[in-house]
Amino acid sequence: MTHIWQALLLAISSTLDDLGVGFSFGLTNPLRIESIVTVGSVSGLTMFFGVLAGQFFGQLIPAEVSVYLSVMIFTIFGVLFMWEGYSKSHDSTSAVSQLLAQFRTDKNSPNTFTATEFKNSVILGGVLGINSLALGFSGGMVGFPIFMTAALTAAASFLFVWSGSKFGETDFVQNLVGDRAEYTAGALMLILAALQLL
């Protein structure tokens, strides 16, 4: 039961950036449901392979070493997420921002989910899923369930991108979340790191 709640925290923290992506589209050009499903699926797959690799690696080293490596990775990502939040508030250009701009340029057919949109959705899911791959590896080393963690990640990614795309333009949501997604993700990572030591 403990790993279930920790897997949920991992899924949420690794996909909070998807909420910001959804907001970005919601302000200008909401994503099709097909794109959102694709992004969520890719996020789930990256988490699956990350946890799978982490479980395999964890079997090769002593359990105590796995725990400390997991704590170290969660802590590093927690700090990096918070630094990303700080940097984003001072710099509006990023690889993700450039990818979003290209995505909007290619979304020119009002009724059809094109092959180009699918390709861009996969690329966007891959970029957002890099966090899931690394954090999944860390979770896998301490025994997080593979399929449940991957499914929760896919669901969280879908929910965040969809809700951001649909409601991101509202003042309430913007004021509630604003630029806090990275800080929240970082805090959740630090909580996960602490939980491994209990």
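The values are calculated or read from the model by the stated rules, or taken from the named source; none is laboratory data. The structure displayed is predicted, hence computed values, not measured ones. Note that each Cβ is placed from the backbone with ideal geometry, even for glycine, and that neighbours are counted across all protein chains shown.
The selection criterion, being surrounded by fewer than 20 Cβ atoms within 10 Å (Cβ to Cβ), modelled with pLDDT of 80 or more and over 27 Å from TYR183 (Cα atoms), does not hold for ILE76. For region 54-73, residues that are surrounded by fewer than 19 Cβ atoms within 10 Å (Cβ to Cβ) and within 18 Å of the chain's Cα centre (by Cα) total 0. Criterion first (at pLDDT below 90 and either surrounded by fewer than 17 Cβ atoms within 10 Å (Cβ to Cβ) or assigned to a helix (DSSP H, G or I) (or both)) does PHE147 satisfy it? Against the criterion (at pLDDT below 90 and either surrounded by fewer than 17 Cβ atoms within 10 Å (Cβ to Cβ) or assigned to a helix (DSSP H, G or I) (or both)), PHE147 does not qualify.
Which ones in region 115-153 are hydrophobic (A, V, I, L, M, F, W, C) and in contact with a Leu (Cβ under 8 Å, 6 or more places away or on another chain)? Those that are hydrophobic (A, V, I, L, M, F, W, C) and in contact with a Leu (Cβ under 8 Å, 6 or more places away or on another chain): ILE123, LEU124, VAL127, LEU135, MET141, PHE144, ILE146, ALA150, LEU152.
Here SER163, SER109 are screened, and the one residue that is among the polar types (S, T, N, Q) and either at pLDDT below 80 or closer than 30 Å to VAL71 by Cα (or both) is SER109.
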